Every structure is written in C-alpha cells, then in structure tokens.
Amino acid sequence: MKAYNSTKGYRLTILSILLVFLVLGCSRTRRLTVNQALVTKITIKGIDKEFAEAAINYVDKEQQPNNWLNLQLYYKFGRKGKRDIGEPPNIVDTALVEFSRLQIQKFLRNKGYLKATVTDSIKVKNKKAELIFYASEGPMFKFRNFTDSIADKKVRALFHQYRGVNLHIKPGQRYDTDSLSAERDEVYLLMKRNGYYDFLRQYVTFDSDTTYGSGVTDVKMILINPPGRASHAVYRINNTTITVSNSAGRITGKADTLKVDSQFKFVDYTHKFEPRIITIYDFQKKGDLYNIDKQTLTTSRLAELNVFRNVPNPTYEKLPDSTNRLNTHIDMVPLKQMSDRVEGEFLFNGGRYGFDVGNTFTDRNIFKTATILQLKLDYSTLFDNGRNSTISGAVENQEFKIGATVSYPQILTPFDLPILGKYGVPHTIFSSNYSLFFQKGLVERESFDNAISYEFAETSDKIHTVTPINIEFSKGIIDPTARKRLTDSGYYSYVYLIGRTIFTSGSQYTYQLNANRLNSYKNFIYFRGSLDVGGNTLALLSNIFNTPRDSSGYRTFFGYTFAQYTKAEVDVRFYKSLGGDRQFILRFNPGLGVPYGNSSQLIFEKNFYTGGANDIRAWLPRTLGPGRFNRAEYGVGASADTLRNQLKYLDQYGEVKFVMNAEYRYKLVDNFFGSALKGAVFMDAGNVWRLHKQQPQFPNEEIRLDNIWPSTAIGIGTGFRFDLGFFVFRLDAALKFKDPQFSGSDQWVLIDHFNELFHAGPFKTAYLNANGESYNFLQLNFGVGMPF
C-alpha cells in the first residue's frame, strides 16, 4: 500500500465539495414552464405570536418553500417522475392554497378563537410566489364550567376519585380541543388501568355550550354505557398461554408443552427456551384486574430480552361465562440464535497508516435462559512510512484483543431480591478480556481483566451499573536496549509506567440519566458519572498479613505489586431543541484519577487520553497533551528521534482530563440516496494534564491554575451525518485552531498560519525538522453513530 500526501488529499476533498456546491448553485426556477411559479415564501398575518410559527405547519407540504439544497439535488440527480434524491419543486396550486387556508382557520378555532376567519392571496414575481394568509382571530374563548354525565355509578365514582389529578379542563383556561382530547385519553387510560378491558374512547364525548357574547364556554363530559348494557364490565386475568414459534413464525411440528403452574402454559416449537425466564417478565398475574400498563410493561420487557424479533401485544379471550375473566395469549417469534459481525476501519495520517479489524460472535440464548454470550476478536496494526522509519512500511505497533461477555437477564445474588423489571430488564454480566500490545523496539504489554457487574433501571430515565468485583492484571516487558536508553535519558517514569507487572482488585459504579432520550429532539440534560476504586481491600489485607515489599518499597500480594487508586469521570450534556431537526448540544467531560497508598502512578490503562472522532476531533487519538507537551522536547539527534518514535501514542496521557464540545446539528436533505443528510458545525476544547511534574525535561505538563488556559486545545469543524434510520454514518472535518504545544500567540495556528493550510511553508518546515513529522491542520474522522 502506497501512502499519499495528506495535505494534497485534504485540498482535493475540500475543492471537490466546493465544486459540487458551485455546480448545484443554479436558479431555482430554471425548469418551470411559463404558467408555473415556485413557492418561495409564506407570510401569515394577524395571528397571535404564540401560534404564528405553528400555523405555518398547517400549510400543505407541497406548498411549503423548498429546501435549497434538496431542490438543487433533485434538479441535478433526480430522475423524471421519481424522488430518488432531493425533492421536486413545490409549484403554486390554488386548490392546495385553499386547503391550507381552511386548515389554518380550523387550527385557530381549535385553539379558542371560535370566530376566526382566514383569507389568502398569492403574489408572483419572476416565477417566484409568496403565499399570504390574513387571519381575523376574533375573541379568544375560555372554559367557564366543567360538568359530567356518567351513566355507570362505579365509573362515576372512579372518575371523581381521580378527577383532581387528571382534569385537563380548568375554569379560566383557554378553550382548546387538544385539552378535550387529552381529557378523553386520560379517561380511557383510567378505565383501562382499572379492569375495563373493552372500554372504547368513543364512549366519551363532550358537549360545548358556547356563549358568544361573553366569550366563555361551558363543557359537559358525557360517558355512556356500552350499547344494550346497564354498566361497564370489569375483567380479571385468568390463565396465560405463551407460545414460541419457530424462527420463520410457524407453529408446526412437535412442540415442548409444559404446564408451568396454575396460570401459565408454555408451548415452545423451537425446543430452546426454559419457561421461567419468560414468565417472570409477565406482569399480568392471575386474579389481578386487567391493566393496560401491565400489558405494555410485559410486552416491553419481553422485547428487551433481545431474543425475540416479534413480541406483539398480548391478545385476550373472554371466558364464555359470567365471571368476566380473560385468558391471555402471548405469541412470540425468536430471533436467529447466532450471528456474526465483522467491523473494520482504516487510518491514514502523514506517513503512518494502519487498519483495525474485528469480529463479534453472538449467541442470544445459551442455557435456554435468554442469556447472551458475545465473543469478540480484534486486531489492529499501524505501519510507519515516515521520515524516521528505518524500513519503509515497517510495523510500528500491533494489538490483539479477545473478550467474552455473558449477560444474564436477571440479578443473580445469594440474596432473595425482587424482580427489578418495572423500568427495564436487569442484567448480571460476567466479562473476561485479554489484550496483547506490541510497540516495535520498545515494549510488549499483556493485560487481563475479569469482572462481575449488575445493571438495572431505577426508573425509565435512571440506570445504575454496579461492578462489585473487578480484577485486573497487566504485565509489560520492555526491550533491554530501549530500557537502557530511557533510563540513561532520565525517562524512568515511562519505564515504570509501561514496563512493570501489576494487578489490582476493585469496584466500579456508573450512573446514567436520560440515556433513553439521546435519539430525540427534546430539551433535556444527559448525565453519566462513573467511579472506579481499586486496591483498598488488598492494602488492608497486605497490612494485616504484613506481605513482602518490592524493590521500590511497595507492598505485594501473591508475589505481585498491586495498584491503589481512585478514578472518577463525568459526562454531562445539555440538549436544546431549536425546532424541527435542529439541535444544539453543549457537553462537559471532566475526569480525575488519583494514585495513592501503594501506587505513585496510575496503571497505564487507567490514564486519560484525548483526541479522536468522539473527543477533540482535530487531533488523532493519543496525540494531544499532556498540558503544553511538545514532542520536539525530546531534543535533536538520532537518539532523540528514536525515543520520539518509540514512545509515539504512549507518552501523551494524564491523570486529569477536561473536554468541552459544542455542536449545532441541522438537516440538509430529506432524501440523499436513501438516507437523510444532516449537517453539523462544532467546536471542541480541552486537554489532559499530569497531577504532578514527572519529567523535568517536559515543563508545563501538570495541572496548575495558571497553566489551564495556555494548555487548552481548541478545534473547529463541520461534518455530515448520513442517517439511514437504523444507524448513522458520520464524516467530520476538524481544524486545529489553538494548539497548546506552542507558546504565546503562536498557539493560534489557524490564524497565524492559515496560508499553510494546504501547502508547506516556514512553519511546517520548522515543525518537521523539530518533531520529525509533518504538521496537519485538518483531520478527517469517519465513524458510525453520533459522536455524543
């Protein structure tokens, strides 16, 4: 594989994008006939500010102004008669304008302006049309009195018991048909939650008595009985039949049929499921009143087991007697039990290029208990074709990972705990992971960790993950020549960090808030906080048993030095909806790791790093910081170049981290080759720092109040998101704006050296000579899913 000049590649990419937009930037009316006009503007006059923006939405979609880019893409790429990409021009249609006028008028009357009238006019100039709607709202009507007429005495008593909680119609409130609909829905749910299985919304109607002179409305809610009946029937749950068909959805062949208990009958045509893991998540128990919430809860939890591809709502059968009992039928189609997924990515930056390929095997139902087994393999390698490489295309580093995870859909403990399934299926997770990392001429590292975790939902918005047991072991073997070079150069802290054998045993806790809202456009705050504490129990035991110490004076356990530390990280985001598909996100991501007691440094894998597609996007992963660290500080000469190359991606870490991201998201095109094309503009800032000065050769790495702003990196950029519905492809282009490895005003690299953005000059030449690699302003990141 031959590398190419990255600056030329970036230049070509940007020029290509600009060329496309120039080509597309043609007249919006160029394909219209003489008698056609394109809708370019909608004006609505005379409407209260509270409803003016919403009223525009009642204009027919085919009479709304086109998105400029959608229209140009349609002109350029759309085939006649089809909408493969973009959208066709919205041409004025008088019939649709009249329909829109009536819709706006209806909207205003539904919002309390019962005498509202709307007229329209059309202004055309140069084949461009402005639609103008004039509204005369008249007086705003308000609710005065609310009464009810309920034929069934038990239903009347039930309604009045909950009336204060559910009433959406209050005296003095603006008349609004949405309030009436909400009241009908509340009554419907109230009945469905209290045993009234066959209750229908149409049993609830409203009679509005409008006094036009005074602008008030008296409303009576009327709740009738079913035709031919004197009252509404209350139903209770009886027996339940659970049927698991084969993967094709068929119920043929011999089935495993089991009478579980007095309620459940289990029929399995796959012969692969034990009934208990399914029956515990059926919240409709025999003898209980029918409750629509428990019906929905049962469906949701069975779907969350992630072993069925089709879990419809249960169906009910009324017993042919007068007992008002319901037999329940739950029919499910299983997912394919085993699946395999291959993933990969390619990295190119300057003279280095590499790939990462992984494979994930999943078995969704081991032990017949809906327990999910995942086996993951991953291999990555980085090749060096840079100036300081002794062999062109030589492997610089490699990493191999293998891991296994078993997730059981219930909390497994020695204690008798209730089923924690009201807000989500809880899981007990057993995990084991091994990794082997090799950096050419420097180090070979092995790490092995095992953990038991419990994940459960406190509410639909709050998720807890508790890891009471986490055992980690790591071992580093440094090349003898490299060890001597590092030690002789005074870099013993690196030797100690990557070359020691160490283990720890600890506990972890993670709390998430509003993770279930991340794909919405609502206003909310997302929070994720984690705490990782290790080594305290081992420290206590080692002191009690007076275990031996290593050559550095630290306690050992079972012959190995153990780590003692506390690490915390927070991810808090503010999501602000700006209407439609427009959204602004502000994110803060601080972290702190503190070694203490039996440790002077964090374990290598416990340190923080910055850069990458989900972090500070103008920098590659592990290439920013700590603080104002500059790789030129290794010095000049062959020995310095060797150190600089060997420690690449291993020496830029810290115990303190702070990252801030601000991103504005918007939609560009509704239909872009089968996907919705969305855009983003963003700014990223932050860095990592050391808690204390480790190497005198590297000043300004540590966290200090006067060093925070000078060592803060800033990147800016824009990107595209190709939304296919079930996942999102993402391409971001990020520019270094403020680079902390330089000093003073030289940090503002994009301003001071903008003329070298796409070609070499004095700045890039000096950087290449001092650092042994080219300086890249622009970084392209490709990923799957949103960055945060």
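The values are calculated or read from the model by the stated rules, or taken from the named source; none is laboratory data. Here the structure is a predicted model, which means the values were calculated and not measured. Glycine gets a Cβ as well: all are built from the backbone with ideal geometry, and neighbour counts include every protein chain shown. Remember, those area values only see protein heavy atoms, side chains included, never the ligands or the DNA or RNA. Shrake-Rupley method; radii C 1.70, N 1.55, O 1.52, S 1.80 Å.
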Given a 1.4 Å probe and every protein chain left where it sits, what share in percent of the accessible area of the range 245-335 is carbon and sulfur? 50 percent
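How much length is gained if the chain between T117 and E98 is pulled fully straight, taking 0.36 nm per residue apart and subtracting their Cα-Cα distance, in nm to one decimal?
Values: separation 19, 0.36 × 19 = 6.84 nm, distance 1.28 nm.
Here the answer is 5.6 nm.
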Quick one: if you stick a label point 7 Å off each Cα along the C-beta vector at S432 and S460, how many nm between them? 3.9 nm
Computed [θ] at 222 nm, helices only, for the chain once each DSSP H run of length n ≥ 4 contributes -39500 (n - 2.57): -5500 deg cm²/dmol
At what distance in nm do the modelled label points of D209 and R341 sit from each other, each positioned 7 Å from its Cα along Cα→Cβ? 6.2 nm
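Computed FRET efficiency, Cβ-Cβ of D416 and L731, R0 56 Å: what is it to the nearest 0.05?
Details: r = 52 Å, r/R0 = 0.93.
Here the calculated transfer efficiency is 0.60.
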With everything on Cα atoms, drop me the angle between helix 153-166 and the longest principal axis of the chain, reported from 0 to 90° to the nearest 10. 40 degrees
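Structure shown: which of K49/K142; K440/K738; K462/K678; K192/K422 lie over 22 Å apart, alpha-carbon to alpha-carbon? Intermediate values should be presented prior to the final figure.
Values: K49/K142 18 Å; K440/K738 32 Å; K462/K678 29 Å; K192/K422 19 Å.
K440/K738; K462/K678, as the Cα separations exceed 22 Å there.
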Using a 1.4 angstrom probe and counting only protein chains, how large is the accessible area of K128 in Å², to 10? 80 Å²
Using a Förster distance of 30 Å, the FRET efficiency for T43-L724 (Cβ separation, nearest 0.05): 0.25
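Order the following by accessible area, largest value first: W619, W748. Probe radius 1.4 Å; ligands, DNA and RNA are ignored.
Working: W619 10, W748 75 Å².
Ranking W619, W748 by accessible area, largest first, yields W748, W619.
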For the range 688-697, what does the Karplus curve 6.51 cos²θ - 1.76 cosθ + 1.60, with θ = phi - 60°, yield as ³J(HN,Hα) per residue in whole Hz, taken in order and with x for Gly and Pro? 10, 9, 8, 5, 9, 5, 9, 10, x, 5
Modelling each spin label as a point 7 Å along the Cα-to-Cβ direction, I'd like the R163/S322 distance in nm, to one decimal. 3.3 nm
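In the neighborhood of V97, defined by Cβ-to-Cβ distances under 14 Å, what is the net charge if each Lys or Arg adds +1 and each Asp or Glu adds -1?
Working: positive: K41, K61, R101, K123; negative: D60, E62, D93, E98, D120, E130.
So the surrounding residues net to -2.
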Using alpha-carbon coordinates, inclination of helix 177-192 to the longest axis of the chain, degrees: 90 degrees
Cβ-Cβ cut-off under 9 Å around D746, Lys and Arg +1, Asp and Glu -1: the net charge is -2
Accessible area per residue for the chain in Å², computed with a 1.4 Å probe and the full protein assembly in place, what is it? 49 Å²
With both partners inside the range 201-273, how many of the DSSP beta bridges are antiparallel, as a percent to the nearest 5? 70 percent
Accessible surface of L531 - all protein chains present, 1.4 Å probe, nearest 10 Å²: 80 Å²
Of the accessible area of the range 516-602, computed with a 1.4 Å probe and all protein chains kept, carbon and sulfur make up a percent value of 60 percent
Could you work out how far helix 94-110 tilts from the main Cα principal axis of the chain, as a 0 to 90 degree angle to the nearest 10? 80 degrees
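Rounded to two decimals, what ratio of Rg to Rh does the chain give with C-alpha atoms and a Kirkwood Rh? Working shown, then result.
Values: Rg = 33.1 Å, Rh = 32.2 Å.
My calculation puts Rg/Rh at 1.03.
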Expressed as a whole number of Å, what is the distance separating the alpha-carbon centroids of the range 581-627 and the range 235-279? 49 Å
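Put W68, W709 in order of accessible area, largest first, 1.4 Å probe: what do you get?
Details: W68 105, W709 140 Å².
Ranked list, largest accessible area first: W709, W68.
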Using R₀ = 51 Å, calculate the FRET efficiency as 1/(1 + (r/R₀)^6) where r is the Cβ-Cβ separation of K76 and E444; round to 0.05. 0.40
Starting from 0.36 nm per residue, how many nanometres of slack lie between I56 and H329 once their C-alpha separation is accounted for? 93.7 nm
With every protein chain left in place, what is the accessible area of F574 in Å² (1.4 Å probe, nearest 10)? 90 Å²
In nm, what is the difference between 0.36 nm times the number of residues separating Q64 and M140 and their Cα-Cα distance? 24.5 nm
Within-12-Å neighbourhood charge of D48 [Cβ basis; K, R +1; D, E -1]: +1
